[in-house]
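**Student:** First, the structure itself, so that you have it in front of you.
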Amino acid sequence: MAGSLKPENDFVAKHWQRTPEWQLAAGFLPADSRGQQLDYLALQNEWWLARAIADETPRVAKLAWWAEELRGWSRGMRRHPLGAQLHSASAHWDAVADALSQDSNALLAKALSEVDAEILGIGTPHALLQTILAMETALLAVDEAAEWPSNRKRPAGPLPRLRAMQYSILAARSANARHTVALSPLRALLISWNAARKSK
């Protein structure tokens, strides 16, 4: 049974501080790969935070650092602690690095679909990933009136459990008048359970 979990490292804790629903949702991830999947989500949180930096100079510098780091992972080198479980988990970190360098949602969605197939066991449709990226961007906006993507319909077909829950949590947050306010624990639990049972 899923319940409230404790984060295994500071980066997962940082992600859960921004989206506390994952403290409950994490319990629905497969136990044998939960740690790696949560690190993968925490890694993406670092990218979202970098992309949300308002000042262009530090934003570009931070994304360039991540691009360099991910290219190192492709060569078996790492500096960031999250690389411990992730650097050898995918052969497509170079593609993610290129997408971050260009700060392109379209390229990032395409690259992440390939990484998802390796880490999550099934690729995620590009269109859904682009919607998730747009919702993550809106969630980080200071302005409560930030624009959310208009097309938030969940696509048919199998999805990785992590992405199904991520999408469902973000879609529920977007429906709130104040999207910066987390879902109630009960609602977060029900939404995560429903998404998990319909996914791979």
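**Student:** If you check every pair at least six apart or on different chains, which have Cβ atoms under 8 Å apart with a residue in the range 175-200 that is loosely packed, with under 13 Cβ neighbours inside 10 Å and of a type in the set (Lys, Arg) first and a residue that is modelled with pLDDT under 85 and in a helix (DSSP H, G or I) second?
**Tutor:** Final answer for the pair search is none.
**Student:** If you scan the range 113-150, which residues turn out to be among the acidic types (Asp, Glu) and either surrounded by 18 or more Cβ atoms within 10 Å (Cβ to Cβ) or at pLDDT below 80 (or both)?
**Tutor:** Asp116, Glu136, Asp143, Glu144, Glu147, listed by residue number.
**Student:** Which one of the conditions (1) at pLDDT below 95; (2) surrounded by 15 or more Cβ atoms within 10 Å (Cβ to Cβ); (3) within 28 Å of Asp98 (Cβ to Cβ) does Ala67 fail to meet, given that it meets all the rest?
**Tutor:** (1)
**Student:** Of the numbered conditions (1) touching a residue at least 24 places away in the same chain (Cβ under 8 Å); (2) more than 23 Å from Ser168 (Cβ to Cβ), Gln102 fails exactly one; give the number of that condition.
**Tutor:** Among (1) touching a residue at least 24 places away in the same chain (Cβ under 8 Å); (2) more than 23 Å from Ser168 (Cβ to Cβ), Gln102 violates only (1).
**Student:** Show the residue pairs meeting these rules: Cβ distance below 8 Å; 6+ apart or different chains; first residue within the range 6-30 and free of Cβ contacts under 8 Å to residues at least 60 places away in the same chain and farther than 20 Å from Ala171 by Cα; second residue surrounded by 15 or more Cβ atoms within 10 Å (Cβ to Cβ) and of a type in the set (Gly, Ala, Ser).
**Tutor:** Listed by first residue and then by second, the contacts come to Glu8/Gly35; Val12/Ala42; Lys14/Ala42.
**Student:** Could you go through the range 151-160 and let me know if any residue there is at pLDDT 90 or above and crowded, with 18+ Cβ neighbours inside 10 Å.
**Tutor:** yes
**Student:** Hey, another quick one. Within the range 26-59, which residues are under 13 Å from the mean Cα position of the chain (by Cα) and within 20 Å of Lys200 (Cβ to Cβ)?
**Tutor:** Listed by number, the residues that qualify are Ala26, Gln36, Gln37, Leu38, Asp39, Tyr40, Leu41, Gln44.
**Student:** Ala91 is checked against (1) at pLDDT below 95; (2) farther than 22 Å from Asp116 by Cβ; (3) among the hydrophobic types (A, V, I, L, M, F, W, C) and fails just one. What number does that condition carry?
**Tutor:** Of (1) at pLDDT below 95; (2) farther than 22 Å from Asp116 by Cβ; (3) among the hydrophobic types (A, V, I, L, M, F, W, C), only one is false for Ala91: (2).
**Student:** Now for a different question. Could you check the range 63-129 for helices (runs of 4 or more DSSP H) lying wholly inside it with 3 or more residues that are over 14 Å from Leu43 (Cβ atoms) and not basic (Lys, Arg)?
**Tutor:** Because the criterion is at least 3 residues that are over 14 Å from Leu43 (Cβ atoms) and not basic (Lys, Arg), the helices (runs of 4 or more DSSP H) in the range 63-129 that meet it are 93-102, 105-119.
The values are calculated or read from the model by the stated rules, or taken from the named source; none is laboratory data. Model, not experiment: these values are computed from the prediction. Here the Cβ is made from the backbone with ideal geometry for all residues, glycine too, and neighbour counts use every protein chain on show.
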